1. Going by a ≥ b ≥ c, the root eigenvalues of the Cα gyration tensor, does region 130-225 fall in the rounded group (a/c under 1.5), the prolate group (a/b larger than b/c) or the oblate group?
2. If you rank 372, 172 by fewest surrounding Cβ atoms within 10 Å, what's the result?
3. Write down the radius of gyration of region 281-415 and its Dmax, each obtained from C-alpha positions, in Å.
4. Could you tell me what percent of the DSSP beta bridges with both partners in region 2-278 are antiparallel, to the nearest 5?
5. Provide the three semi-axes, in whole Å and in decreasing order, of the ellipsoid equivalent to region 2-278 as defined by the square roots of 5 times the Cα gyration tensor eigenvalues.
6. If I model a spin label at residue 305 and residue 64 as a point 7 Å from the Cα along the Cα→Cβ vector, what separation in nanometres do I get?
7. Using Cα-Cα distances under 8 Å and only pairs 6 or more residues apart, what relative contact order does region 187-233 have, in percent?
8. Could you tell me the center-to-center distance, by alpha carbons, between region 339-365 and region 137-213 in angstrom?
Ligand SMILES: Cc1ncc(COP(=O)(O)O)c(C=O)c1O
């Protein structure tokens, strides 16, 4: 920070002032207009162009230094680019932040934040479950920098955060709604704890976006998003952003992005993010309406054990979500019957929704985190169990399709998860067999399609909610 006081890195105030209290939809449309170039256009374009240049011509060496130190302006693309800056300004206005920065990915935003605001010896309190990539960073990369972390159960119990704090705790790294189970954090309560203990808070609000949840006015220091998801919204660009509560925090991150991590977003991607944001408020409204209707339908299906959507009164964080969110977004978690087989049957039988690791697009996506997003690449079995990532868990990102088509698609795929009662199949296993507890079933389980010495054969009934592990004798 020390040498930064001299530098005016504040993004310029947009040249097109908005009416006080302008709605988000007005902000995203109006602020998307290009600001006049320094040398001014005769015919101003309606869209901020993609400014492709690494550097800018300067008249004299003195002018270069003057631009860099006193105006913090166009010198080098990694420092400032008009296209990126235009998108950052829109985000900043939506967040009501001191400043916003775009990064080459959500992960780049996370790691840049850690290496900028933390020092060796510092401790983070996060929660489990969380974005599996964050878990991976906490477990594998931060310890190399002599930074440690504790993960408390995700949810609204802020006491757990307080108890996990150590004298060297410097940051609460949290999500709400949380990936993948949609847990809701009581943001204002955690801000109180953080202020009490002099700890910074970064809230990853990827699934809410600044449209549904404005966390900077609630006192959060850093509002982080993977723009790859809803903000850019069309599954065609990777980007991340951080908005800050204070100008000093913005300056600190800006200098480190320029001079250390080199993670600023290029103009093509910034253009895509900015372009997509014009429809962000209306997309979030429709994502939320579709997700609520689909969650209600899922709650009624007999092959679904439970549904967690912050907009459902059955969600443990529903009352808090109502308090801090405008509506509840497009992310839903639910568990199907039949563990891994049930999940596999379901995700491979959908016709409208797509099986993918992506989230937050205009199309409906599903994945079963146990083998996908929170699979063995990112988490070991023990951590998965602690994070309640079960075999039958489905993470659903509801798109903008007609919701009746989605409900019909989900119902037909869930209907295919049925107990195995078909007597014509070889080695018939009774309904009762499948209704036994998991422990009993596990006793019979063997790898798929393998006949072994113990007298059991595994029959892989593709469409059945449990692979049937049937004694030969049956
Ligand atoms: C909550 C959350 N934060 C951060 C990230 C990382 O973002 P990116 O994929 O843009 O690097 C993800 C990615 O899935 C995420 O779900």
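1. Values: a/c = 1.60, a/b = 1.18, b/c = 1.35.
Note, shape of region 130-225 comes out oblate.
2. Working: 372 19, 172 27.
Arranged by neighbour count, lowest to highest, 372, 172 become 372, 172.
3. 14.2, 40
4. Numbers: 12 of 29 bridges.
Percentage antiparallel, nearest 5: 40.
5. Numbers: eigenvalues 213, 90, 53 Å².
Over the Cα atoms of region 2-278, the ellipsoid semi-axes are 33, 21, 16 Å.
6. It works out to 6.3 nm between the two label points.
7. Working: 49 pairs, mean separation 19.4, N = 47.
Averaging sequence separation for qualifying contacts and normalising by length gives 41 percent for region 187-233.
8. 29
None of the figures in this text is laboratory data; all of them are computed from the coordinates on show. All figures in this text were calculated on a predicted structure; none of them were measured in a lab. For neighbour counting, all protein chains shown are included, and Cβ atoms are generated from backbone atoms with ideal geometry for every residue, glycine included.
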